[in-house]
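Structure first, commentary second.
No value in this document is a laboratory result; all are computed from the given coordinates. None of these values were measured; they are calculated from a predicted model. In this analysis, Cβ positions are derived from the backbone assuming ideal geometry, glycine residues included, and neighbour counts consider all displayed protein chains.
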Amino acid sequence: MKKALVIGSEGNVGAPLVRRLRESGCEVLEVDIRPGMREGYVMADINHPIDLLPAFDWGPDVVYLLSAMVSRVTCEQASGLAIATNLEGINNVLQLCKRVNAMTVYFSTSEVYGPHVELMDEALADPGPNNRYGLSKLLGEALVEYEVRTYGLRAVTLRPFMIYDEFEDLGDHRSAMIRFASNLALGLPIEVHRGSARGWLHISDAVRAIEASAALGEYAVINIGHPDVRPIEELAEMVRAQLGASPDLVNVVDLPGRMTLRKVPSLDRQRDLLGVVPRVSLEEGVARVCQEIGRRVNV
């Protein structure tokens, strides 16, 4: 039975990944910074590697490295913590992965590409992130690649594009789809970025790709996302119509600073290397999100 260590197991991607791995027959050990007292769980901060030692003494075959300081706003405000976590913290985990010869799945971000790339292709030699979050994750990728090239670390880097889940936590820090649904269900206004466009990958498809990446024999950088890229204004209208909210609650505004207007990923590697083609359409995903969030906010 394969032993999988999920670092960042309490997050909106980590928790569904843990369920997916267990359903697939893996023995899973969870690690997160959040307090927890249960079997199969270790509380640890990647900035303090001594607390990670019990997890690595367990002898994982694969380590899914999801922990990070996220959000362009948060990483600009807390720049020291962002750099410490997304560089030093990542380095801590990589050194431990080398000691136990574990396959390492590093979770990066589509923010590494920056705003001036028309087609976000993994082969792009010089991506130009325009916020500290994207920059710190790109530097984290460089650390992973260095360990692969110099010390033989077995690894893969994933660059996710707009992953969502109808059961994820709510709040202003969440993605546009989740914020649109939670606000409109409560009768609150939303802001929609004029001219923006994204593809939306349901968590059920995302965890299939993340799990599959651990089986790769050679290092690769792989986008994971949905090929159906739609204007954000169209997404907002779909959510509004599903919830029966007033059109007056939808406010179209200009794009804030340090954001990317359009994200169009190349997904050939997701298909060819991981064997994953998304199954959940945007229409089905929006319906799931609106049904579940509508139920939660109206309880």
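A few comments on the model shown:
- When the P(r) is computed for the range 58-213, the part past 21 Å accounts for 53% of the Cα-Cα pairs.
- Within-12-Å neighbourhood charge of PRO127 [Cβ basis; K, R +1; D, E -1]: -3
- Centre-to-centre, using Cα atoms only, the range 27-87 and the range 110-143 are separated by 22 Å.
- Within the chain, helix-based [θ] at 222 nm, where runs of 4 or more DSSP H residues each add -39,500 (n - 2.57), nearest 500: -11000 deg cm²/dmol
- log₁₀ of I(q)/I(0) at q = 0.23 Å⁻¹ - the range 177-249, Debye sum with one point per alpha carbon: -1.01
- Charge dipole magnitude, Cβ of K and R +1, D and E -1 - the chain, Cα centre, debye nearest 20: 160
- Net lengthening on full extension, TYR146/VAL253 (0.36 nm per residue, minus Cα-Cα): 34.4 nm
- The tail of the calculated P(r) for the chain, taken as Cα-Cα distances beyond 27 Å, holds 41 percent of the pairs.
- For ILE210, ILE33, the sequence from fewest to most other C-beta atoms within 10 Å is ILE33, ILE210.
- Loop GluC sites (Glu not before Pro), the range 105-152, which have at most 11 other Cβ atoms in a 10 Å radius of their Cβ (DSSP): GLU118
- Theoretical gain in end-to-end length, ARG279 to ASP57 [0.36 nm per residue, Cα-Cα removed]: 76.2 nm
- Estimated FRET transfer efficiency (GLU292, GLN95; beta-carbon r; R0 51 Å; 0.05): 0.80
- Cβ-based charge dipole, the chain, positive-most Cα from GLY225, ALA209, LEU267: ALA209
- Here is the list for the range 171-252: trypsin sites (Lys or Arg not before Pro) lying in DSSP coil, each with at most 14 other C-beta atoms within 10 angstrom of its C-beta, are ARG194.
- Each label point was placed 7 Å from the Cα along the Cα-to-Cβ direction; for ARG194 and ASP121 their separation is 3.2 nm.
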